[in-house]
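The values are calculated or read from the model by the stated rules, or taken from the named source; none is laboratory data. Everything quoted here is computed from the prediction, not taken from an experiment. Ideal geometry is used to build each Cβ from the backbone, glycine not excepted, and the neighbour counts take in all protein chains shown. Heavy atoms of the whole protein, side chains included, go into the accessibility calculation; ligands, DNA and RNA do not. Shrake-Rupley method; radii C 1.70, N 1.55, O 1.52, S 1.80 Å.
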Amino acid sequence: MTLDEFNAAPERALADHLRACCDVPRWVAAVSGGRPYPDTETLLDTADRAARDLTPAEVDRALAAHPRIGERARGDDASAAWSRREQAGVDRDTVTVAALAEGNRAYEERFGRVFLICATGRSGAQILAELRARLRNDPATEAAVVAGELRKIALLRLAGLVGANTATPNQPAAAHQATNTATQ
C-alpha cells in the first residue's frame, strides 16, 4: 500500500491494517484520524506519539496479538504474517527453541505477560540474551521496556505497510530518518 492508498483507504479497511500493527483502538483512531498525511515521516511521527502514552491495559491488549518469542504465529491474518517475518531470524534448532521456551516460562512467571521484543534483525542468541537480561528488571522498568518494544514493532509494521524504507529496524528514530531521506 502506498501512502496515497493509505490516505484514501476506507476507514474500516484501514482500521484492520492498523490493528495488525498495534491492536489498540485509541492508537488506531489516532493514526487513522490524522489523515491525510503529506509524507511517511509525518505518519510515523503521529504513530510514534500515539504509541508513547499507551496505558498498561492497552499494552496488555496489544500483547494478546503477539505469539511467544520463538513460537511460530498461527493463522493467516496480517498480524500473524508480520510476526512470522519478524521472527524469521530466530534460530529453530532444538537448543535455542528449548532455551527460549524456558526463558518465556520464567518471564511469564515473573511478569505475568508474554515476553515481547522487536525481533526484526535479531538472532535467537541475541533475543535470548535480552530475555535473560530483562528478567532482572523490576516490574515498573520492565513495563516501560515492553511499551517501548511494542512501539518499535508498531512503527516498523506501519512503515512496512506503506512501503517505507526502514534501514535500522530496532531504532524507530532511524526509521524516521531513513523515511525522511527517501522522501526528500
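Enumerate the residues in the stretch 118-138 having an amide nitrogen under 18 Å from the point lying 7 Å beyond the Cα of Glu102 toward its Cβ.
In the stretch 118-138, the label zone of Glu102 (backbone N under 18 Å from the point 7 Å along Cα→Cβ) covers 124-136.
³J(HN,Hα) across the stretch 8-14 via Karplus (A = 6.51, B = -1.76, C = 1.60, θ = phi - 60°), whole Hz, x for Gly/Pro?
9, 4, x, 3, 5, 5, 5
Once a ≥ b ≥ c are taken as the square roots of the eigenvalues of the Cα gyration tensor of the stretch 3-61, is the result rounded (a/c under 1.5), prolate (a/b larger than b/c) or oblate (a/b not larger than b/c)?
Note, shape of the stretch 3-61 comes out oblate.
Of Asp16, Asp48, which has the most accessible area with a 1.4 Å probe, and how do the rest follow in descending order?
Asp16, Asp48
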